[in-house]
Amino acid sequence: MDMLRRAGVAEPHRWPQAMMAATEQGWPAATAAPLASSNGADSYGVFKLSYDVRNEDQELLQKVWKSCIRVAVSGAAGNISSHLLFMLASGGVFGMDQPVSFQLLGSEESLLKLEGVAMELEDSLYPLLREVRIGTDPRNLFKDADWVILLGAHPRTPGMTRAELLDINGQIFREQGRALDEVASRDCKVLVVGNPCNTNALICMENAPRLRRENFHALTRLDENRAKCQLALRAGRFYTSLSRVAVWGNHSTTQVPDFLNARIAGEPAVDVIGVERWFREEFTPTVANRGGAIIERCSRSTAASTAVSIADALKSLVTPTPEGDCFSSAVCTDGNPYGIAEGLIFSMPCRSKDDGRYEIVDDFVIDEWLDEKITASEEELLKERACVSHLIPNAPPAACEITLDTMLPGEI
Ligand SMILES: NC(=O)c1ccc[n+]([C@@H]2O[C@H](COP(=O)([O-])OP(=O)(O)OC[C@H]3O[C@@H](n4cnc5c(N)ncnc54)[C@H](O)[C@@H]3O)[C@@H](O)[C@H]2O)c1
C-alpha cells in the first residue's frame, strides 16, 4: 500500500486485497466459504486471496492505474457474455490502465455455468481484473456499479408473440430497474442488450428515477456495424473510410440505417455508391437480416459480433468521438433535436467527449423518405410503450396494439 502511494498510483478499490473475491451467500460452493464483503456479494475463487502487494506485482506497481470500476453484467453465463467478459477484462474497452471488478448476475438455472465462467476468468490471469462476484440477486450484484450491461432476458419460445415477450421481459427489467435505483451508483451507465432492448431499457429507466435518464442506452451498435460493413462492401472501400453512419429508431425490422448522412472518405455515400435503388431496396433489409443470414450458415447466434459491438458502444462513451463523426445508441428522446416523441428509447447519432456522457448530433439532414421510415419506427416504439404501461410507474393504462412480428431474424 505504501509503495502504491509513493508511486503516485491511484488506489484501486479494496487494494491490496485485490486479487480476491467470491460467490454470493448460498451458492453451492465448490470453493471455500464466502468472505464478508462491502457490497453484499462475495468474491469468487482466486479473487478472494489476499497477498502482500509489496512483494508481488512489482511490474504492475510501476504503472499508474486508475481507481477500480465496478462493471455489472446480467445474463453473464450466456453466449454474448462468454465473449464480452474477456474483452472487458483485457483492458481493450475501458483502457489498459483501468482495473475492473466484475459483478456477474445469472438466473438460478445458469448458476453452475456462471461458476464455470468465473473459473475461466481466473485461468485467464488478467492483471486488470481485480474482483469477480457471482450470484442471482440484482440488489447484491448491482451494488455501487459504475457500468451495467443487461444481457439476461427470457428467450422467445415457439408461438410467443412480441407482445408476450415484451411483458415477460418487461417484468425482468422492471425488477432490475428497481434494484439499480436502490443500489447502483447514481452516475451509473446502463446498456440494455436483452430484447426487445429499446422498450426493456425504457422500463428499466422508468423504474430507476434516482439514476440519470440520459445514462440509459439500448444497443443498436451492432446494426450500425452491419450497416458500415454493407456500405464498405458496396463501395469497395475499407471500413475506416466510413463516418457519420447512424441507425435510427428501434432495434427491430423497423430500424433505419441512415445512408443519406453517411460519408465515405468524407464524400456522401450516396454519391460514392451512386445507385439509389440499392440504398432504398437492398441496403436496409440486408442490414436487418444479417443475423438471420449468419445463423443459416453456421447454426449459431451472432454472439461474437454482438459482444464486439457492445465493446464498441462502451468505448465510444469513454473515448472522444473523432471530429465530424458519430456513433449510434438508443437513448432517451427527452429534448431531442429531431422532434421524436419524448419518453422513448430511440436510436440516434451521438457524440461523446470521453467521460461516459454524450450529446445527440443535431445536424443530420432528414429527407421525406428518411422521415417516413423514422416515423414508422417511432410509431412502433409508442405502441411498445403502450403495451408495457402496466410496468411503468404512473403511466396511464393503455391498450396493447402490437400485431406485427418485427423481431430481427437470428435474435431470440
Ligand atoms: N440489441 C442487440 O443488438 C442484440 C443482439 C443480439 C442478441 N440480443 C439479445 O441479447 C440477449 C442475450 O443473448 P444471448 O445470446 O447471450 O442469450 P443466452 O440465452 O445465451 O443468455 C442469456 C442468459 O441470461 C440468463 N437470464 C435469463 N433471465 C435472467 C435474469 N432475470 N437475470 C439474470 N440472468 C438471466 C439466462 O439464464 C442465460 O444464461 C437476448 O435477449 C438476445 O435477443 C440483442
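Considering (1) of a type in the set (A, V, I, L, M, F, W, C); (2) surrounded by 14 or more Cβ atoms within 10 Å (Cβ to Cβ); (3) within 16 Å of the ligand (Cβ to nearest atom), the lone condition that residue 298 does not fulfil carries the number (2). Is it true that some residue in segment 144-167 is of a type in the set (Lys, Arg) and in a loop (DSSP other than H, G, I, E, B)? Looking through segment 144-167, at least one residue is of a type in the set (Lys, Arg) and in a loop (DSSP other than H, G, I, E, B).
Working carefully through the options 397, 409, find the one that is free of Cβ contacts under 8 Å to residues at least 12 places away in the same chain and not assigned by TED's automatic domain parsing to the domain that holds residue 347. Write out each step before concluding.
Values: 409 fails: free of Cβ contacts under 8 Å to residues at least 12 places away in the same chain.
Unique residue meeting the criteria: 397.
I'd like to check something: does segment 174-196 contain any residue that is over 22 Å from residue 313 (Cα atoms), charged (D, E, K, R) and buried (at least 20 other Cβ atoms within 10 Å of the Cβ)? Yes, segment 174-196 contains at least one residue that is over 22 Å from residue 313 (Cα atoms), charged (D, E, K, R) and buried (at least 20 other Cβ atoms within 10 Å of the Cβ). List the helices (runs of 4 or more DSSP H) inside segment 290-387, counting only whole elements, that have at least 3 residues being more than 19 Å from residue 87 (Cβ to Cβ) and in contact (Cβ under 8 Å) with a residue 40 or more places away in the chain. So the answer is 290-298, 368-387.
Within segment 138-154, being touching a strand residue (DSSP E or B) at 6+ places or on another chain (Cβ under 7 Å) and either over 18 Å from residue 68 (Cα atoms) or free of Cβ contacts under 8 Å to residues at least 40 places away in the same chain (or both) holds for 138, 150, 151, 152.
Could you pull out the residue among 375, 403, 306, 333 that is within 28 Å of residue 289 (Cα to Cα), within 16 Å of the ligand (Cβ to nearest atom) and not hydrophobic (A, V, I, L, M, F, W, C)? Steps first, answer last, please.
Working: 375 fails: within 16 Å of the ligand (Cβ to nearest atom); 403 fails: within 16 Å of the ligand (Cβ to nearest atom); 333 fails: within 16 Å of the ligand (Cβ to nearest atom).
That would be 306, the only listed residue that is within 28 Å of residue 289 (Cα to Cα), within 16 Å of the ligand (Cβ to nearest atom) and not hydrophobic (A, V, I, L, M, F, W, C).
Of the strands (runs of 3 or more DSSP E) entirely within segment 185-268, those holding at least 1 residues that are within 15 Å of the chain's Cα centre (by Cα) and within 16 Å of the ligand (Cβ to nearest atom) occupy 189-192, 216-218. Is segment 115-130 home to any residue that is among the β-branched types (Val, Ile, Thr) and in a helix (DSSP H, G or I)? There is at least one residue in segment 115-130 that is among the β-branched types (Val, Ile, Thr) and in a helix (DSSP H, G or I).
For segment 69-114, a tally of residues being in a strand (DSSP E or B) and either surrounded by fewer than 22 Cβ atoms within 10 Å (Cβ to Cβ) or touching a residue at least 40 places away in the same chain (Cβ under 8 Å) (or both) returns 9. For the residues 361, 388, the requirement of being out of contact with any helix residue (DSSP H, G or I) (no Cβ under 9 Å at 6 or more places or on another chain) and surrounded by 15 or more Cβ atoms within 10 Å (Cβ to Cβ) singles out 361.
The values are calculated or read from the model by the stated rules, or taken from the named source; none is laboratory data. In this text the structure is predicted, and so the values were computed from the model without any measurement. Glycine gets a Cβ as well: all are built from the backbone with ideal geometry, and neighbour counts include every protein chain shown.
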